[in-house]
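Visitor: Have a look at this one before I ask anything.
The values are calculated or read from the model by the stated rules, or taken from the named source; none is laboratory data. This structure is a prediction, so every number in the text was calculated from the model and none was measured. Reconstructed Cβ throughout: ideal geometry from the backbone, glycine too, with neighbour counts over all protein chains shown.
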Amino acid sequence: MTVPKTTMVSLHRFDGRRRLRLFGFEDTTAIIAALFLILLVLASAFAAVIAPYDPNASNLSDANLPPWAGNILGTDASGRDIFSRVLFGAQSTLLGPLIIVVIATVLGVFLALLGAWFGGRVDNVVSRVFDGIMVLPGLLLALLATAIFGAGVVPTAIALSIAYVPYIGRLTRSALINEVRRPYISALRLNGFSALPIWTRHLLPNIGGVIIAQMTVNFGYALVDMAAISFLGLGVQPPQADWGVMVSQGQSALLRGFPMESLAAGVAILLTVLAFNTVGDRLERRFHV
Amino acid sequence: MSEVTQRASTPVLSVEGLNVRLAGRGGRSLVEGISFSVQPGRCVGLVGESGSGKSVTLRAAIGVAPEGTVASGDIDYSGEDAEGMDRARRSQWRAQSVGMIFQDPKAVFDPTRPVHDFVGAVLRQQGVAEQEVRGRIVAALGDMGIPDPAGAAERLPDAFSGGQLQRIVIAGALVHHPKLLVADEPTTALDTLSQARVVHLLQRAREERGLAMLFVTHNLELALTLCDEIVVMHAGRIVERTTPQLLRAGNAHPYSLALLACRPVPDRKLDELPTADAARELLLAESEFEGGA
């Protein structure tokens, strides 16, 4: 008996290109953005080791030195090393948005869970709460907080986190409404499981991707808001290094032809926001937000 | 009658005059006047076309009427009046005494959790020690013919075919030794071979464990194979309660016989396939007659 010859055909088409794949991302832009953010976090965490100078050590005789005069990014009007201040400034610049995103996510997801799980009147109340907060401008809330509690990162960040609750809450609510209706949740409820174990073991892990994607996008926006607050002098207080403060303090030097302080901090803000938005955008696409 | 005989003959589930309607004033009636009981070791089949109210009846009977509906009627769980039980007690009875098999096995698993999470859910809920839970899960999966049950328990649901998943669902429904097994169209989403396997496993479980079974299907042939009593439903009402023997002998309501006849068989053209239309008209005429009387 003759056995017919069979040919093994690979189902994977070789397109001649080697694709870089990192953290689940396949496009170069997203990989660069993710690597930039990792480097930024590491640089801010180890700023004390990496920074060549004390960020607050001023020497008026070295004021407004250009980058080619020994300091990587030159010096500011007080003779402080701009590169060291950018590195240390990353800590306070990232801390504010982190507080905002964490508080907003915890509150927003909890309210969304209540609305999606109980439905009906509870969901109506939750939706109206989100709508109510949406009409309040975040910056106005932050200004109000500084008027009551004084300037600083914590009061402004807490005030802004309230303004960010609906952004994460509304999206999470719609994802949860779909998830709650899935048969595996009905099966768990039929088997006598109460709300809390279903929320923590099943619902939240299943929409975790959506939450992380939205957190990443919100982080970028919160960073801009916190930089604006610091620029207005209501957030981080000088002489502590902060990118928003640096943009503000570099204004007068900028007009006198020494743009490095404002420029370095501005570019750092721009690149960080761009990186967060790019990563957030790719995560949103992946989790079909 | 001795106590032992009385306990043996007490229905695991008894439903008398069950009505389910949509919530709100003047809510449309979904099922009306449904009565049946399921004895230990017996299988009752709820059979009818799509939309006849089978699944609603099944859910209301075990105390989980669909959202937005209101159920009423006398329901007894192992001789205890369901109305006398509070919500927690009803939920406890359901978790301990009922095993559930669903139509689409792929949809009932949490895609992010290994299958042991589903199979052992009720045992863990009952506070059984984790070591014993693991042992019983592996035994239940092995019993259902799942290869390498210990390894399979750790895999995610997407590692299994539809037929395998339904067998895992059955393992989960039986692992806590329930008194009543309810199955809502358990073979509909499966291929023929998997259907035969599932039916065989259900028959075996019933014989070996003396399980009471409530089986919902639109496939009358399947009900004839598996059930001792068949409740034929149409438009939310019972057409008749009959037995497979009577149906096979043709001694049944014309609607039931029409349902049995309208099944596709090889070498029969589609336009030759009988339909239940004429029988439906007969039912309508009957209900109008009852209404007029």
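Visitor: Quick check on my filter: what residues within the range B:122-138 are free of Cβ contacts under 8 Å to residues at least 24 places away in the same chain and in a helix (DSSP H, G or I)?
Guide: B:R124, B:E130, B:Q131, B:E132, B:V133, B:R134, B:G135, B:V138
Visitor: Another question, then. Where in the range B:42-121 are there helices (runs of 4 or more DSSP H), lying fully within it, with 3 or more residues that are more than 10 Å from every other protein chain (Cβ to nearest Cβ) and out of contact with any helix residue (DSSP H, G or I) (no Cβ under 8 Å at 6 or more places or on another chain)?
Guide: In the range B:42-121, B:54-61, B:87-97 are the helices (runs of 4 or more DSSP H) which contain 3 or more residues that are more than 10 Å from every other protein chain (Cβ to nearest Cβ) and out of contact with any helix residue (DSSP H, G or I) (no Cβ under 8 Å at 6 or more places or on another chain).
Visitor: Still on this structure: Every residue in the range B:166-209 that is among the β-branched types (V, I, T) and more than 15 Å from the chain's Cα centre (by Cα), please.
Guide: Matches in the range B:166-209: B:I168, B:V175, B:T192.
Visitor: Here's another thing I want to ask about it. Within the range B:193-231, can you find the residues that are polar (S, T, N, Q) and closer than 15 Å to B:K179 by Cα? Reasoning before the result, please.
Guide: Step one: list which residues in the range B:193-231 are polar (S, T, N, Q), which gives B:194-195, B:203, B:217, B:219, B:225.
Matches in the range B:193-231: B:Q203 only.
Visitor: Quick check on A:L141: is it at pLDDT below 90, touching a Leu at 6+ places or on another chain (Cβ under 7 Å) and either more than 14 Å from chain B (Cβ to nearest Cβ) or closer than 30 Å to A:P205 by Cα (or both)?
Guide: Judged against the criteria, A:L141 is a match.
Visitor: Test of understanding: among A:R128, A:R85, which residue is in a helix (DSSP H, G or I), charged (D, E, K, R) and either crowded, with 23+ Cβ neighbours inside 10 Å or touching a residue at least 24 places away in the same chain (Cβ under 8 Å) (or both)?
Guide: A:R85 is the lone residue from the list that is in a helix (DSSP H, G or I), charged (D, E, K, R) and either crowded, with 23+ Cβ neighbours inside 10 Å or touching a residue at least 24 places away in the same chain (Cβ under 8 Å) (or both).
Visitor: Same structure again: Being of a type in the set (G, A, S) and in contact (Cβ under 8 Å) with a residue 40 or more places away in the chain is the filter; apply it to the range A:182-215 and report the residue that is farthest from the other protein chains (Cβ to nearest Cβ).
Guide: My answer is A:A213.
Visitor: Looking at A:A151, A:A112, A:A157 in this structure, which one is surrounded by 16 or more Cβ atoms within 10 Å (Cβ to Cβ), not β-branched (V, I, T) and not in a helix (DSSP H, G or I)?
Guide: Details: A:A112 fails: not in a helix (DSSP H, G or I); A:A157 fails: not in a helix (DSSP H, G or I).
Of A:A151, A:A112, A:A157, the one residue that is surrounded by 16 or more Cβ atoms within 10 Å (Cβ to Cβ), not β-branched (V, I, T) and not in a helix (DSSP H, G or I) is A:A151.
Visitor: Being hydrophobic (A, V, I, L, M, F, W, C) and in a helix (DSSP H, G or I) is the filter; apply it to the range A:52-82 and report the residue that is surrounded by the most Cβ atoms within 10 Å (Cβ to Cβ).
Guide: Among those residues, the one meeting the criterion is A:I82.
Visitor: Going residue by residue through the range A:82-96, is there one that turns out to be of a type outside the set (F, W, Y), modelled with pLDDT under 95 and either more than 23 Å from the chain's Cα centre (by Cα) or farther than 30 Å from A:V245 by Cα (or both)?
Guide: Taking every residue of the range A:82-96 in turn, at least one turns out to be of a type outside the set (F, W, Y), modelled with pLDDT under 95 and either more than 23 Å from the chain's Cα centre (by Cα) or farther than 30 Å from A:V245 by Cα (or both).
Visitor: Another one. For the range B:30-51, enumerate the residues that are at pLDDT 90 or above and among the polar types (S, T, N, Q).
Guide: B:S35, B:S37, B:Q39
Visitor: If you check A:S174 against the conditions, is it among the polar types (S, T, N, Q), in contact (Cβ under 8 Å) with a residue 60 or more places away in the chain and away from chain B (no Cβ under 14 Å)?
Guide: No; evaluated as a whole, the condition is false for this residue.
Visitor: Go through the residues of the range A:208-227 one by one and say whether even a single one is at pLDDT 90 or above, of a type in the set (D, E) and surrounded by 17 or more Cβ atoms within 10 Å (Cβ to Cβ).
Guide: Yes; the residues of the range A:208-227 include at least one that is at pLDDT 90 or above, of a type in the set (D, E) and surrounded by 17 or more Cβ atoms within 10 Å (Cβ to Cβ).
Visitor: Here's a check for you: in the range B:125-141, which residue that is modelled with pLDDT under 90 and closer than 15 Å to B:P178 by Cα is nearest to the other protein chains (Cβ to nearest Cβ)? Spell out how you get there, then give the answer.
Guide: So in the range B:125-141, the residues modelled with pLDDT under 90 come out as B:125-127.
Those still in the list that are closer than 15 Å to B:P178 by Cα too: B:125-126.
On the way: B:Q125: 6, B:Q126: 9 Å.
This residue is B:Q125.
Visitor: For the range B:139-191, enumerate the residues that are in a helix (DSSP H, G or I) and either touching a strand residue (DSSP E or B) at 6+ places or on another chain (Cβ under 6 Å) or among the β-branched types (V, I, T) (or both). Walk me through how you get there before you give the answer.
Guide: The initial filter retains those residues of the range B:139-191 that are in a helix (DSSP H, G or I), namely B:139-143, B:149-153, B:157-159, B:162-174.
Once the filter is applied, which keeps residues that are in a helix (DSSP H, G or I) and either touching a strand residue (DSSP E or B) at 6+ places or on another chain (Cβ under 6 Å) or among the β-branched types (V, I, T) (or both), the range B:139-191 yields B:I168, B:V169, B:I170, B:A173, B:L174.
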